[in-house]
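Structure first, commentary second.
The values are calculated or read from the model by the stated rules, or taken from the named source; none is laboratory data. These numbers were taken from a predicted model, which means no experiment stands behind them. FYI the Cβ positions are ideal-geometry reconstructions off the backbone, even for glycines, and counts take in every protein chain you see.
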Amino acid sequence: MRSRNPVFSRRGFSRDNGYAGFNTAPQAGGPAVATQGNPYAQPTGANPYAQNPYAQQDLQHGAPPQAPAGAGRMTMDDVVIRTASTLGTLIVTAALAWALLPVDDANIGRSYGIGIGAALIGMVLALVQSFKRKASPALILTYAAFEGVFLGVVSSVVDNRIADGAAMQAVIGTMAVFAGVLIAYKAGWIRVNRRFYGFVMAAALGFVFLMMVNLLFAVFGGGDGLGFRSGALGVVFGIVGIILGACFLAMDFKQVEDGLAYGAPREEAWLAAFGLTLTLVWLYLEFLRLIAILNSND
């Protein structure tokens, strides 16, 4: 399985059926096949887990291999700390933007302009990091800072001018989806495999294409474009966006799990943090948009 996010997909953490970058074995407990291209393995045999000096072998019991906490190997603590640093930077800059960029009638144009500019810079930085071969902590944290400015301005506009308390509701919704998907993934209720990935990617591409078409109609035709982001259709597409975000989270969890299993280098923890941050931002914006639509229809 390759993630929707080029940050992960170019590294091929997946173990599923040999169609990701490692081209190795099926899910843990299945038959192992020859490994080609595993950057964390050493070419000494057919078993990809045996080849990897950082992964323990427990295939007899059906458990995935887990890399010991050796020097230079990514651990779950690394992922948690890097993710907390990235999200912390985003939250701090969002709070500062909320406090320092007022959205009253006299200042909303300037504040919104700064927010849009920050969003464009953040998007460029995200694309640059996505296609880099190695993680750049400074680049990732800078992206988080600019993305935080954008989220702070947008959240302030929605919270103060459309729906009081919308930002907190969106935060709670995002946290609830994160916790729910994590529990479902760990319990085995969500299985991320080739079919799951193909379905989610097809749905995501269709969703993004429709949003781009709607934006073009709105820019050149005025109003709400084709109405995909307002009214009843807006509510439907908002719910679809949240469901897609939940699916993205499941794929991100799979990538982290596979990185730990293969003994990925510690620097990959920054990429895990970056991918999770992108997905959480997606979820938060979809919740915020949905809340704004629902309150606009009152």
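The table that follows gives values for the structure above.
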| item | result |
| --- | --- |
| Within the stretch 58-75, considering residues that are out of contact with any strand residue (DSSP E or B) (no Cβ under 8 Å at 6 or more places or on another chain) and surrounded by 14 or more Cβ atoms within 10 Å (Cβ to Cβ), the one modelled with the highest pLDDT | Thr75 |
| Test: residue in the stretch 185-200 that is at positive phi and touching a helix residue (DSSP H, G or I) at 6+ places or on another chain (Cβ under 8 Å) | no |
| Criterion violated by Gly115 - all others in (1) more than 20 Å from the chain's Cα centre (by Cα); (2) buried (at least 20 other Cβ atoms within 10 Å of the Cβ); (3) more than 28 Å from Ile293 (Cβ to Cβ) satisfied | (3) |
| Ile291 being free of Cβ contacts under 8 Å to residues at least 24 places away in the same chain and either within 22 Å of Arg161 (Cβ to Cβ) or under 15 Å from the mean Cα position of the chain (by Cα) (or both) | no |
| Test result for Gly180, part of a helix (DSSP H, G or I), out of contact with any His (no Cβ under 6 Å at 6 or more places or on another chain) and crowded, with 18+ Cβ neighbours inside 10 Å | no |
| Residue match in the stretch 113-126 (condition: touching a helix residue (DSSP H, G or I) at 6+ places or on another chain (Cβ under 6 Å), closer than 20 Å to Ala272 by Cβ and free of Cβ contacts under 8 Å to residues at least 24 places away in the same chain) | yes |
| Conditions (1) among the hydrophobic types (A, V, I, L, M, F, W, C); (2) buried (at least 22 other Cβ atoms within 10 Å of the Cβ); (3) closer than 30 Å to Thr142 by Cα; number of the one not met by Val192 | (3) |
| Residue count, the stretch 123-151 (criterion: surrounded by fewer than 19 Cβ atoms within 10 Å (Cβ to Cβ) and not small (Gly, Ala, Ser)) | 11 |
| Scan of the stretch 152-167 for residues that are surrounded by fewer than 21 Cβ atoms within 10 Å (Cβ to Cβ) and of a type in the set (Ser, Thr, Tyr), ordered by number | none |
| Residues that are part of a helix (DSSP H, G or I) and either in contact with a helix residue (DSSP H, G or I) (Cβ under 8 Å, 6 or more places away or on another chain) or in contact (Cβ under 8 Å) with a residue 40 or more places away in the chain (or both), drawn from the stretch 100-112 | Ile108, Ser111, Tyr112 |
